[in-house]
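Here the structure comes first, spelled out in C-alpha cells, and everything after it is commentary.
The values are calculated or read from the model by the stated rules, or taken from the named source; none is laboratory data. What you are looking at is a predicted structure, and each value in this text was computed from that prediction instead of being measured. Note that we place each Cβ from the backbone using ideal geometry, even for glycine, and neighbour counts take in every protein chain shown.
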Amino acid sequence: MNTGGVNILNVPDAIYLKTIAEGGDDLFWTKFNKKWLDRAIERGDNIRLVSDPHSAKNLYTNGVDETDG
C-alpha cells in the first residue's frame, strides 16, 4: 500500500520499443497502461490527467486519431 503516495507509470524506453515492435500500440496499452490503470481504479486511487486537453496531438476519439487531418 502507498497511502498518500504517488503512483507513476514509467516503462523504460527499451521495453516500450520492444512491445511496440511485437504488437503495436494495442499490446502496449493492454500489457502496461490498462493493467496499471485498472489496479489504480481498484484501489480507489485519485487519478490526475496531465495531458493538455487543448492540444490537438492529444485528441483521440472513437479510434480516430484527430491529428491525421
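Structure summary
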{"item": "Tabulated pairs, segment 35-60, first at pLDDT 80 or above, second not in a helix (DSSP H, G or I) and not polar (S, T, N, Q), C-beta under 7 angstrom, 6+ apart or interchain", "result": "36/9; 40/47"}
{"item": "Selection from segment 7-25 of residues that are assigned to a helix (DSSP H, G or I) and either in contact with a strand residue (DSSP E or B) (Cβ under 8 Å, 6 or more places away or on another chain) or surrounded by 10 or more Cβ atoms within 10 Å (Cβ to Cβ) (or both)", "result": "15, 16, 17, 18, 19, 20, 22, 23, 24, 25"}
